[in-house]
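See below for the structure under consideration.
The values are calculated or read from the model by the stated rules, or taken from the named source; none is laboratory data. Quantities reported herein were computed from a predicted structural model and do not represent experimental measurements. Please note: Cβ atoms are built from the backbone with ideal geometry, for glycine as well, and neighbour counts cover all protein chains shown. Accessible surface areas use protein heavy atoms only, side chains included; no ligands, DNA or RNA. Shrake-Rupley method; radii C 1.70, N 1.55, O 1.52, S 1.80 Å.
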Amino acid sequence: QIDLDAFEERPDDYIRDNIEGSEISTRTSGATSLIRRLLVHFEAPVTQLCLTHCQRLLDEYKRDNSAWQSKYTALSLFMAVSVKGQMRHHGATTLNAGVPVERILNDHVFASLVDGGPEHQPQLKALMIKTLTTFRVHLPVATCVTLFPSLITLVRSRNYVVH
């Protein structure tokens, strides 16, 4: 609920803390740090556990599209377990080989980037944009080109964070 309040009432803070990755600790950044530290010593079991939970959350969203928090959590978990190395200005530099990054991006991000229009589930749209920017150096140029029309559609959003 705190993240939702920040998204709606303090969008600048939300962007700084959740999208740009400031030094301010959020629940998401704390969970991501924990997962990444566990991956250092227990990569295979932690990867499998996270992917299983991620799939369960995505299935929940598929059954009920109004449960956008399930997909939001799944994508956050996906990013936490798949990115092994990251630079602020370059996005993900090293990926977890045990995560089917391309399949998850194709099935759950690219395909639903503009579902329902730019105003539909804006928190989820903002996270999908963050996901794209995180993995941008690993995307083929042709994929990036095909995503531009969807991203341009989102620029029209009245939501400050999505815009």
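Kindly indicate whether Leu105 is open to solvent by less than 10 Å² (accessible area, probe 1.4 Å), without any contact (Cβ under 8 Å) to a residue 40 or more places away in the chain and under 15 Å from the mean Cα position of the chain (by Cα). Even if it seems obvious, please write down each step before you answer.
On the way: open to solvent by less than 10 Å² (accessible area, probe 1.4 Å): yes; without any contact (Cβ under 8 Å) to a residue 40 or more places away in the chain: yes; under 15 Å from the mean Cα position of the chain (by Cα): yes.
The answer is yes for Leu105.
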Quick check on my filter: what residues within the stretch 27-57 are open to solvent by 80 Å² or more (accessible area, probe 1.4 Å) and either in contact with a helix residue (DSSP H, G or I) (Cβ under 7 Å, 6 or more places away or on another chain) or of a type in the set (Lys, Arg) (or both)? Arg27, Arg37, Arg56
Tell me, which helices (runs of 4 or more DSSP H) wholly within the stretch 1-68 include 2 or more residues that are under 17 Å from the mean Cα position of the chain (by Cα) and at pLDDT 65 or above? 27-63
Residue in the stretch 108-133 that is nearest to Arg156 (Cα to Cα), counting only those that are of a type in the set (Ser, Thr, Tyr) and buried (at least 18 other Cβ atoms within 10 Å of the Cβ): Ser112
At pLDDT 85 or above and under 30 Å from Pro45 (Cβ atoms): is that true of Val141 in this structure? no
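Among residues belonging to the stretch 84-99 that are without any contact (Cβ under 8 Å) to a residue 40 or more places away in the chain and in a loop (DSSP other than H, G, I, E, B), point out the one that is farthest from Ser70 (Cα to Cα). Break it down stepwise before answering.
Of the residues in the stretch 84-99, the ones without any contact (Cβ under 8 Å) to a residue 40 or more places away in the chain are 85, 87, 89, 94, 97.
If we keep only those that are in a loop (DSSP other than H, G, I, E, B) as well, we get 89, 97.
Working: His89: 28, Ala97: 24 Å.
Among those residues, the one meeting the criterion is His89.
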